[in-house]
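This report refers to the structure that appears directly beneath it.
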Amino acid sequence: MVAVIRSSRSAKRCCEYNEKKAGQGAASCIMAGNYPADPWELSRRERMLVLQRRMALNARSKRSALHIVLSFHPDDKLSTKQLSKISERYMDQIGLGQQPYLVYQHLDTLHPHLHIVTVTIKADGAGMQAFPTRIAISKNVRASIENDFKLTPAAGQVATRQHHKSAQRLQYGKVHTAQGISAVLSVVLPHFKYSSFLELNAVLRHYNVVAKRGGPDSQTYQNQGLYYQMLSEKGKTMGVPVKASSLPSRPTLSYLQKRFEQNRALSATTQQRLKTLIGLALIGQDQPSFWGLQGRLASEGVQTVFGYDQSGQLRQIIFVDFTSRSVISASRLGERYNPSKILQPFGPAGYAAAQQQGGQTLDSELPVGKRSGQNMPVEKSAPYSKTEQEGFLSLLLQPASPEGLLPYELRKPAKKKRRQISLHL
C-alpha cells in the first residue's frame, strides 16, 4: 500500500474532482466518516457542504483541506467493505478519525485505490497543526495496515512502468501524442472486454482517444489499416493520427479482430450483471427518471455512452463497466434492453434527455455536432425531489448565518488598555 497526502486550500475542489469521476462512472463514494447519514443518502452538494462549513469555522487557516490517496497492489483483491475498513483504520491512526471525511473508490485503473477528502479544522474551530507529524507516522501506519489486512507491502517493490498499471485521461499538449496513446492502449486493449469498434471506442473516448479506420474510399480502409487519434475535452480530434503499426504493442486491425472474437465468449457473466443492475435501478425509483437511471448505474461503476446515426437519432446504448472492465452494447443484452425499451418508462422526457447526451456516430464513432463532449450534468445524475430537499438533512446541512462563523479574532473579548501614568515631575 502506498499513501500520498496533499494539502489544499479548497475542500470543494478536491470533492469536485472525485464527484466528476463518479458522474462518469469511474468512481463511487463508498463511505462518509462522521457524517449524519450514509453517502448515498446525501446529494453531491450536501457531501461537500459538510467539509466547507467545517473549514469556514477557521478563516485563518489557509490550507486546511487534505486530499489523501491510498493505492494498493493489483494482486490485492479487496471488496468495498474491506476498503472502507482500511480507510477508517488509516484515518484513526494518523489522528484524523474524529474529522468528517469522504472516501471515494476509483475504478479507472488496474490497481485498486482510494481518494480520501477531509479537513484539519476541529468542531470548535481550532486548527490541527500536526500535518508534518502525520506524514512522518504515515509510513508506520501503512506497514501496520499491510500486516493486518495481508496486503502486498510497498517496501521492496521494484518500480515498473506505470502506464501498464493505470491510464489517465489525456490532455492535448500536455503529453507526447504517441506516448500518451500507447499508455492508454496498454491498459484498455488487453484488460477490457469489448467485441466491436463501437464498444472499444466507448471506453477509449473516456481517456480522450479514438480508433479509426478511415472512410470506405480511403487508402487506409482498403489496405486494412488502422490509426489512433487524441480527442479534446469536447470530443474533437486533435493532433496527428498515429498508425497502429508504429506503436510498440502493434495494436493493428488483425489484433483487434482476434480480441473481438475472444471477448464475445467471455461476456456472459457481465451481461447478467448489467441486466440485474438495470432492473434494480428501474425498480428502485419511485418516480422513474432517466437521470436517476444514469446516476444509479454510475454509483455501481457503469458509465452510459450513447450511439447515434448520421442524422443524429439515438440507435444504440453502450454500457462501460469499470468494475468488471467490460463494454457491452444494449443490443447484446436482448430485445427488452434496446434503447427504445430502456427509455420507454421515462416517456418523451427520457428520450429527449438521451438525445442531449454526448455520444458517438455508429460508423465513424466520433462525437456528433453540438452534442460532442457534453457530459451528464453533475447535479442531474441523481435528482432529489422537492420534499427531500426540504427535509431534515437539507435543513441540517444548509449554510449557517455569517454571524455564527466569525473569525477567532472577533470572537475573543477585547483587552482593556492600561492607562500609562507618568511619575516624572
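FYI, it's all coordinate maths here, none of it is from the lab. Everything numeric in this text was worked out from a predicted model, so none of it was measured. When we count neighbours, we look across all protein chains shown, and the Cβ atoms used for this are built from the backbone with ideal geometry, even at glycine.
Would you mind pulling out the separation of the Cα centroids of segment 1-64 and segment 218-253, in Å?
Measuring centre to centre over Cα atoms gives 38 Å.
What are the residues whose amide H is under 5 Å from the amide H of residue 193, where those residues sit 5 or more places off or on another chain and H is modelled from the backbone?
326, 327
Which value in nm describes the separation of the simple spin-label points at residue 323 and residue 283, placed 7 Å from the Cα toward the beta carbon?
That separation, rounded to one decimal, is 1.6 nm.
For residue 315, what residues show an amide H to amide H distance below 5 Å, using hydrogens built from the backbone and excluding near sequence neighbours?
Correct list: 307, 308, 309.
Based on the Cβ-Cβ distance from residue 332 to residue 152, what FRET efficiency comes out when R0 is 30 Å, to the nearest 0.05? Write down the numbers at each step before the final one.
Details: r = 36 Å, r/R0 = 1.19.
Step by step, r from the Cβ atoms, then E = 0.25.
Placing unit charges on C-beta atoms (Lys and Arg positive, Asp and Glu negative, everything else neutral), compute the dipole magnitude of segment 33-105 about its Cα centre in debye, rounded to 20.
Approximately 420 debye in magnitude.
Order the peptides 181-189, 219-227, 56-64 from the highest to the lowest mean number of other Cβ atoms within 10 Å of their residues.
Answer by packing, highest mean first, reads 181-189, 56-64, 219-227.
If packing is taken as the average count of other Cβ atoms within 10 Å, what order do 93-105, 233-245 fall into, highest mean first?
Put in order of decreasing packing, that is 93-105, 233-245.
Based on Cβ point charges of +1 for Lys and Arg and -1 for Asp and Glu, what charge dipole magnitude is obtained for segment 162-264 about its Cα centre, in debye rounded to the nearest 20?
Details: 14 positive and 4 negative charges, 35 e Å.
About 160 debye.
With labels modelled as points extended 7 Å from the Cα through the Cβ direction, what inter-label distance (nm, one decimal) is found for residue 9 paired with residue 309?
Result for the modelled spin labels: 5.3 nm.
For segment 15-62, what is the Kirkwood estimate of the hydrodynamic radius, computed as the reciprocal of the mean inverse distance between distinct Cα atoms, to one decimal in Å?
11.8 Å
Quickly work out the residue 126-to-residue 265 label distance, labels modelled 7 Å from Cα along the C-beta direction, and quote it in nm with one decimal.
Going by the 7 Å Cα→Cβ label model, 6.6 nm.
So between residue 2 and residue 52, what do we pick up on full extension, going 0.36 nm a residue minus the alpha carbon distance?
15.3 nm
Using the beta-carbon distance between residue 60 and residue 20 and R0 = 30 Å, what value does 1/(1 + (r/R0)^6) give for FRET efficiency, to the nearest 0.05?
On the way: r = 30 Å, r/R0 = 1.00.
Computed FRET efficiency for residue 60 and residue 20: 0.50.
Under the rule a/c < 1.5 gives rounded, and otherwise a/b versus b/c splits prolate from oblate, where does segment 221-274 land using the Cα gyration tensor?
Numbers: a/c = 2.88, a/b = 1.46, b/c = 1.97.
In terms of gyration-tensor shape, oblate.
Using each residue's phi in segment 28-39, evaluate 6.51 cos²θ - 1.76 cosθ + 1.60 at θ = phi - 60° and report the 3J(HN,Hα) Karplus result to the nearest Hz, with x for Gly and Pro.
Whole-Hz 3J(HN,Hα) from phi for segment 28-39: 8, 7, 9, 7, 10, x, 6, 9, x, 7, 5, x.
Taking 0.36 nm per intervening residue step and subtracting the Cα-Cα distance, what contour gain separates residue 218 from residue 240 on full extension?
Length difference between fully extended and current span is 6.2 nm.
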